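Undergrad: The structure follows.
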Amino acid sequence: MRILVFFDLPTLTSNDGKAYRGFHKFLIKNGFIMQQYSVYSKLALNGTQAESVKALLRKNVPQNGLVQCIEITEKQYADIEYMAGKGQTKILDSDKRWTEY
């Protein structure tokens, strides 16, 4: 099974930023991989390990913001459909950094 973690943490103050970075480092250190910005996943071999991972998450959630997690099976995880929008064709490729008046 997979543990998916979704989070939305404030970064308005220096303390918020520190909490965000600390939580991000915690996820990486504990084997979570980034799926998208603010969406991470970790493989759990069984229900006992999944509960252990969730308990560890609960202990490390920052005071402010929102952290959510869900358990899904490997079959459900394998069925995730990856979709990408239309590629960007108009790319600004310039070293010009000054605005002319």
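No lab work stands behind these numbers, since they all come straight from the coordinates. Just so we're clear, the structure is a prediction, and the values are computed from it rather than from any experiment. In this analysis, Cβ positions are derived from the backbone assuming ideal geometry, glycine residues included, and neighbour counts consider all displayed protein chains.
Undergrad: Can you give the extra length, in nm with one decimal, that the chain gains between Lys25 and Phe6 once fully stretched, where that is 0.36 nm per residue apart less the Cα-Cα distance?
TA: Numbers: separation 19, 0.36 × 19 = 6.84 nm, distance 1.48 nm.
So the extension gain works out to 5.4 nm.
Undergrad: Continuing with this model, one more query. Pick from Tyr77, Tyr37, Tyr20: which is most flexible by mean-square fluctuation in a GNM of the chain where alpha carbon atoms under 10 Å apart are linked?
TA: Top of the fluctuation ranking is Tyr37.
Undergrad: On to the next question. Which is the longest run of the chain containing none of the GluC sites (Glu not before Pro) found in DSSP loop states (not H, G, I, E, B) with at most 10 other C-beta atoms within 10 Å? Intermediate results must be reported in sequence, preceding the final value.
TA: Numbers: sites that count: Glu81, Glu100.
The segment 1-80 is the longest one with no such site.
Undergrad: Is the shape of the stretch 37-77 best called rounded, prolate or oblate, per the rule: a/c under 1.5 gives rounded, else a/b larger than b/c gives prolate, else oblate, with a ≥ b ≥ c the square roots of the Cα gyration tensor eigenvalues?
TA: Since a/c reaches 1.5 but b/c is at least a/b, the shape of the stretch 37-77 is classed as oblate.
Undergrad: Using only Cα atoms, tell me the angle between helix 14-29 and the longest principal axis of the chain; keep it within 0 to 90° and round to the nearest 10.
TA: So the helix axis and the longest Cα principal axis differ by about 60 degrees.
Undergrad: Rounded to the nearest 500 deg cm²/dmol, what is the calculated helix-only ellipticity per residue at 222 nm for the chain, with -39500 (n - 2.57) per DSSP H run of length n ≥ 4?
TA: Using -39500 (n - 2.57) per qualifying helix, the result is -10500 deg cm²/dmol.
Undergrad: Whats the longest run of the chain with zero trypsin sites (Lys or Arg not before Pro) that are DSSP loop and have at most 13 other Cβ atoms within 10 Å? Let's see the in-between values first.
TA: Details: sites that count: Lys86, Lys90, Lys96, Arg97.
Longest run free of exposed loop sites: 1-85.
Undergrad: Multiply the residue gap between Gln36 and Asp79 by 0.36 nm, knock off their C-alpha separation, and tell me the result in nm, one decimal place.
TA: Between Gln36 and Asp79, full extension yields 13.8 nm more.
Undergrad: Given (i) 22; (ii) 43; (iii) 15 as candidate values of percent of Cα pairs over 23 Å apart, which corresponds to the one derived from the coordinates?
TA: Here the calculated entry is (ii).
Undergrad: With respect to the cross-link table entries Lys18/Lys59; Lys29/Lys59; Lys25/Lys86; Lys29/Lys54, which display a Cα-Cα separation exceeding 24 Å? Kindly include the intermediate steps, with their values, before the conclusion.
TA: Numbers: Lys18/Lys59 17 Å; Lys29/Lys59 15 Å; Lys25/Lys86 32 Å; Lys29/Lys54 15 Å.
Over 24 Å Cα-Cα: Lys25/Lys86.
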